[in-house]
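*Asks:* Mind having a look at this structure? Questions to follow.
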Amino acid sequence: MNYLTYLPVFDKLTKSQQDILTKSAFVRKFSKGEFLHNGSHDCTGLILVLSGQLRAFTVSDDGREITMYRLFERDICLFSASCIMNSIQFDITITAEKNTEVLVIPSEVYKSIMDISAPLANYTNEVMASRFSDVMWLIDQVMWKSFDKRLADFLLNEANIECTDTLKITHETIGNHLGNPREVVTRMLKYFVNEGFIALSRGTIKIIDKDGLAKILD
């Protein structure tokens with residue numbers, strides 16, 4: 001199977017351009033926790049997720065992490081190939097949250113076609129704009145939304161992603177996603193326990209009252 005057909009504009013490229021992408025792209029597998037890309041100087045290439053789940057995050061000067069967005073099947077990451085975009089230097093790290101298989105298109109190959117193909121250039125700009133929208137949404141959340149709302153939103157989204165109300169996740173991992181110290185996460189989770197929204201056990205959070213968490217968002 002040619003996974004490049006996952007690209008919405010693949011059929012708008014010339015036969016020659018399709019062949020170049022097909023011959024240069026390659027599949028890689030990453031284990032849970034493995035790094036795919038690290039920093040703006042690491043121009044890994046364009047990443048297309050075939051299966052699994054990726055996390056894109058940034059790290060502050062004092063070592064705190066915050067998740068910028070996550071990638072699922074058929075999602076595309078362009079920040080891993082930021083060198084193809086002039087004047088964009090974006091320090092972002094990408095790791096596998098689950099065992100993941102991706103298709104990698106080398107940066108120089110992708111850029112060579114993007115420079116002469118209007119459909120691919122337009123598509124690239126759309127994807128980049130969408131990712132910047134994700135970043136701006138995150139900034140808005142961090143600056144203006146209280147932590148109880150952010151945490152409740154995270155737990156509900158995580159339950160939807162994992163298709164279960166019993167989440168195998170540590171307080172530290174949540175803190176890394178939300179950009180807050182583990183101690184802050186623990187205090188708010190204990191508050192949620194007292195309110196009857198969740199139950200805690202070692203390495204596990206069980207959501208008991210989804211409606212209660214949803215009301216926090218309102």
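*Asks:* Can you find a residue in segment 23-46 that is surrounded by fewer than 18 Cβ atoms within 10 Å (Cβ to Cβ), at pLDDT 95 or above, part of a helix (DSSP H, G or I) and over 17 Å from the mean Cα position of the chain (by Cα)?
*Replies:* There is at least one residue in segment 23-46 that is surrounded by fewer than 18 Cβ atoms within 10 Å (Cβ to Cβ), at pLDDT 95 or above, part of a helix (DSSP H, G or I) and over 17 Å from the mean Cα position of the chain (by Cα).
*Asks:* Taking segment 1-13 as the region of interest, how many residues are in contact (Cβ under 8 Å) with a residue 12 or more places away in the chain and either among the charged types (D, E, K, R) or part of a loop (DSSP other than H, G, I, E, B) (or both)?
*Replies:* Adding up the residues that qualify gives 6.
*Asks:* Additional query: Can you find a residue that is within 16 Å of the chain's Cα centre (by Cα) and without any contact (Cβ under 8 Å) to a residue 12 or more places away in the chain anywhere in segment 145-156?
*Replies:* Within segment 145-156 (the criterion being within 16 Å of the chain's Cα centre (by Cα) and without any contact (Cβ under 8 Å) to a residue 12 or more places away in the chain), the answer is no, since none of the residues qualifies.
*Asks:* Shifting gears a bit: Show the residue pairs meeting these rules: Cβ distance below 7 Å; 6+ apart or different chains; first residue within segment 112-123 and over 13 Å from Leu46 (Cα atoms) and free of Cβ contacts under 8 Å to residues at least 60 places away in the same chain; second residue of a type outside the set (S, T, N, Q) and in a helix (DSSP H, G or I).
*Replies:* Hits for this filter: Ala121/Met114.
*Asks:* Quick test of your reading of the structure: Ser112 fulfils all but one of (1) within 21 Å of Leu71 (Cβ to Cβ); (2) modelled with pLDDT of 90 or more; (3) surrounded by 14 or more Cβ atoms within 10 Å (Cβ to Cβ); (4) not assigned by TED's automatic domain parsing to the domain that holds Asn176. Name the failing condition by number.
*Replies:* With (1) within 21 Å of Leu71 (Cβ to Cβ); (2) modelled with pLDDT of 90 or more; (3) surrounded by 14 or more Cβ atoms within 10 Å (Cβ to Cβ); (4) not assigned by TED's automatic domain parsing to the domain that holds Asn176 applied to Ser112, the lone miss is (1).
*Asks:* Working only within segment 171-218, note down all residues that are of a type in the set (Gly, Ala, Ser) and either in a loop (DSSP other than H, G, I, E, B) or more than 12 Å from Phe154 (Cα to Cα) (or both).
*Replies:* Answer for segment 171-218, where residues must be of a type in the set (Gly, Ala, Ser) and either in a loop (DSSP other than H, G, I, E, B) or more than 12 Å from Phe154 (Cα to Cα) (or both): Gly179, Gly196, Ala199, Ser201, Gly203, Gly212.
*Asks:* When segment 201-218 is examined, which residues are found to be within 23 Å of Lys98 (Cβ to Cβ) and free of Cβ contacts under 8 Å to residues at least 40 places away in the same chain?
*Replies:* Those that are within 23 Å of Lys98 (Cβ to Cβ) and free of Cβ contacts under 8 Å to residues at least 40 places away in the same chain: Ser201, Arg202, Gly203, Thr204.
*Asks:* With respect to Val142, determine if the residue is closer than 17 Å to Leu48 by Cα and assigned to a helix (DSSP H, G or I).
*Replies:* no
*Asks:* Scan segment 180-201 and give yes if some residue there is under 19 Å from the mean Cα position of the chain (by Cα) and outside the structural domain of Val135 (by TED's automatic domain parsing), otherwise no.
*Replies:* Yes - at least one qualifying residue is present in segment 180-201.
*Asks:* Please specify each residue of segment 166-218 satisfying the condition of being among the aromatic types (Phe, Trp, Tyr) and loosely packed, with under 15 Cβ neighbours inside 10 Å.
*Replies:* Result: Tyr191, single match.
The values are calculated or read from the model by the stated rules, or taken from the named source; none is laboratory data. A quick note: this is a predicted structure, and the numbers were derived from the prediction, not measured. Cβ: placed from backbone, ideal geometry, glycine included. Neighbour counts: every protein chain shown.
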